[in-house]
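**Student:** Below is the structure I would like to discuss, written out as structure tokens.
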Amino acid sequence: MSDQISVDDTVTKARQNCQQLGVRLTPKREKVLRVLLNADQPLSAYDVVDLFKEQFSENLPAMSAYRILTFLLDNGFVHKLETTNQFISCRHISCDHQHEPPQFLICDRCNAVKELSIGKQTLTELNNGIEQSGFVLVRKQLELHGLCQECQQKDHSDIALDKSES
Ligand SMILES: [Zn+2]
Ligand SMILES: [Zn+2]
Ligand SMILES: [Zn+2]
């Protein structure tokens, strides 16, 4: 994960959040969360199963993976990217502020994902526009695909190399 907060600190915070919510962060749930926190890319449920085995030398049946991911989703520790069917840890687990509706910027080249919060006003305007068009949203999450900063820079350096400027 891209933030400076350590995985351990985030897990501690997640455990506190679970206590407040009256749910339990069982060892398996904690490990799945760790897998997602350790990843710098969004993961499919099968990636989670593979990495779980790699990191904890334990088998996680796909069914359990789905159940645990649903638990983590329901309690706001992870998000699901609907357009790619992948999971990503929430970057606000350690924050005390209220979670704004997230917007995800997804790099189509390296799969990096950035979670951004949308301002309430922007969202209201967007929703009003959608309402006026008579359209009903099934999913309110925004997922925007493009190129991340790093990949853009790579593009630029490629161009520079072509012109033998570097
Ligand atoms: Zn989030
Ligand atoms: Zn935050
Ligand atoms: Zn990228």
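None of the figures in this text is laboratory data; all of them are computed from the coordinates on show. Since the model is a prediction, treat every value here as computed from it, not as a measurement. Heads up, the Cβs are rebuilt from the backbone with ideal geometry, glycines too, and the neighbour counts pull from every protein chain shown.
**Student:** Quick query: amide H of Val78 versus all other amide H atoms, modeled in the peptide plane; which residues come in under 5 Å with a sequence gap of 5 or more or a different chain?
**Tutor:** Under 5 Å from the amide H of Val78 lie the amide H atoms of Leu73, Cys90, each far enough along the sequence or on another chain.
**Student:** Sticking with this structure for a sec: For the chain, list the cysteines whose Cβ sits under 4.7 Å from no other cysteine Cβ?
**Tutor:** Taking the Cβ cut-off of 4.7 Å, the unpaired cysteines of the chain are Cys18, Cys90, Cys95, Cys110, Cys151.
**Student:** While we're here: Among 11-22, 64-75, 124-135, how do they line up from the highest to the lowest mean number of other beta-carbon atoms within 10 Å?
**Tutor:** Ranking, from highest mean packing down: 64-75, 11-22, 124-135.
**Student:** Enumerate the amide H contacts of Arg109 below 5 Å, restricted to partners 5 or more residues apart or on another chain; note that Pro and chain-start residues carry no placed amide H.
**Tutor:** Here Cys148 satisfy the definition.
**Student:** If we restrict to alpha carbons, what Rg and Dmax does segment 1-91 come to, in Å?
**Tutor:** Cα-based Rg and Dmax for segment 1-91 come out at 12.1, 32 Å.
**Student:** Taking the Cα centre of each part, how many Å lie between segment 97-127 and segment 68-92?
**Tutor:** Here the answer is 14 Å between Cα centres.
**Student:** Farthest toward the dipole's positive end in segment 16-166, which of Leu60, Leu123, Ala112, given Cβ charges of +1 (Lys, Arg) and -1 (Asp, Glu) about the Cα centre?
**Tutor:** It is Leu60, whose Cα lies furthest towards the positive end.
**Student:** Relative to 2.2 N^0.38 Å, what does the C-alpha radius of gyration of segment 75-147 come to as a ratio? Two decimals please.
**Tutor:** Values: Rg = 13.3 Å, N = 73, 2.2 N^0.38 = 11.2 Å.
Rg over 2.2 N^0.38 Å, computed on Cα atoms: 1.18.
**Student:** Determine the calculated [θ] at 222 nm for the chain from helices alone, applying -39500 (n - 2.57) to every DSSP H run no shorter than 4 residues and normalising by the residue count; nearest 500 deg cm²/dmol. Write down the numbers at each step before the final one.
**Tutor:** Details: 6 runs with 79 residues, N = 166.
Estimated from H runs of four or more residues: -15000 deg cm²/dmol.
**Student:** Follow-up question, since we're still on this one. What do you get when you divide the Cα radius of gyration of the chain by 2.2 N^0.38 Å, with N the number of residues?
**Tutor:** 1.20
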